Amino acid sequence: MQHSPQRRRPGWRVTSGTPDPATVERLLRKLTSWFGVESAVTGYIEAARTLPAYLAWPDGPGPSGNPPGLPAAVLLAVRHFQGAAEIYLMAVDPALHRQGAGRALTTALEADLTADHVRFLHVKTLGPAHPDPGYARTRQFYASAGFEPLEEISGLWPGNPCLIMIKALAAR
């Protein structure tokens, strides 16, 4: 995956390339409604030690609760095959939900993947068979970003349905 030093989207600066487990931990600890299982949190933090992080930095003053100079959102991606990748983790400071950070991160990732000839991007999230309202908003976000539900499966996450959503990326 190619990594560019930074990209701009109105209101956000996105950087990529360096692992950042501290940012992953800081943001996941703020998102206990989404990331409340400690073993999952520690697994994401461990993965963040090796996976390059896409970080979103707000232009202008940071939100309350987000120290100035720290990224407000993070995305980790994994390449499974030459032509396919996964959004492994995305976390946005709850004070900045619905303000474009997630869109800035996915746009930057998709640009890098498309430049590297990746054709498919997928994400796993809690399936609609579970009534959690936070994850309903998560699915709505991914749908608005062009992801479509592919399959809801049981057994991957004990006791929770997993929805796989997929997006075809533009071919170059």
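The values are calculated or read from the model by the stated rules, or taken from the named source; none is laboratory data. Remember, it's a predicted structure, so these values are computed and weren't measured experimentally. Here the Cβ is made from the backbone with ideal geometry for all residues, glycine too, and neighbour counts use every protein chain on show. Quick note on the areas: whole protein, heavy atoms, side chains included, nothing else; ligands and nucleic acids left out. Shrake-Rupley method; radii C 1.70, N 1.55, O 1.52, S 1.80 Å.
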Subset of the range 102-118, residues surrounded by fewer than 20 Cβ atoms within 10 Å (Cβ to Cβ) and among the aliphatic types (A, V, I, L, M), comes to Ala111, Ala115
Can you confirm whether Val123 is without any contact (Cβ under 8 Å) to a residue 60 or more places away in the chain, β-branched (Val, Ile, Thr) and open to solvent by less than 60 Å² (accessible area, probe 1.4 Å)?
yes
Within the set of pairs 6 or more residues apart or between chains, which connect a residue that is without any contact (Cβ under 8 Å) to a residue 60 or more places away in the chain inside the range 133-147 to a residue that is of a type in the set (Phe, Trp, Tyr) and open to solvent by less than 40 Å² (accessible area, probe 1.4 Å) with Cβ atoms less than 9 Å apart?
Arg139/Phe147; Phe141/Phe147
Read through the list (1) of a type outside the set (S, T, N, Q); (2) closer than 24 Å to Ile164 by Cα; (3) in a strand (DSSP E or B), then give the number of the only condition that Leu109 fails.
(3)
Identify, please: which residue in the range 74-124 is out of contact with any helix residue (DSSP H, G or I) (no Cβ under 9 Å at 6 or more places or on another chain) and of a type in the set (Ser, Thr, Tyr) and is, among those, farthest from Phe35 (Cα to Cα)?
Thr114
Looking at the range 16-60, which of the residues that are of a type in the set (Ser, Thr, Tyr) and open to solvent by 30 Å² or more (accessible area, probe 1.4 Å) is modelled with the highest pLDDT?
Thr50
Could you please tell me which pairs satisfy a Cβ distance under 7 Å, a separation of 6+ or placement on different chains, a first residue in the range 85-100 that is under 15 Å from Ala48 (Cβ atoms), and a second residue that is hydroxyl-bearing (Ser, Thr, Tyr) and open to solvent by 10 Å² or more (accessible area, probe 1.4 Å)?
Leu89/Tyr44
Any idea how many residues of the range 26-56 are touching a helix residue (DSSP H, G or I) at 6+ places or on another chain (Cβ under 8 Å) and closer than 21 Å to Ala104 by Cβ?
11
Screening Asp116, Asp132, Asp93 for residues that are over 16 Å from the mean Cα position of the chain (by Cα) and more than 28 Å from Ala170 (Cα to Cα) leaves only Asp132
If Gln99 satisfies every condition in (1) surrounded by fewer than 16 Cβ atoms within 10 Å (Cβ to Cβ); (2) closer than 26 Å to Trp57 by Cβ but one, which is the exception?
(1)
Run Thr50 past the list (1) hydroxyl-bearing (Ser, Thr, Tyr); (2) in contact (Cβ under 8 Å) with a residue 40 or more places away in the chain; (3) more than 28 Å from Pro133 (Cα to Cα) and report the number of the one that doesn't hold.
(2)
Subset of the range 67-96 that is part of a loop (DSSP other than H, G, I, E, B) and touching a Pro at 6+ places or on another chain (Cβ under 8 Å) - its residue that is modelled with the lowest pLDDT:
Pro68
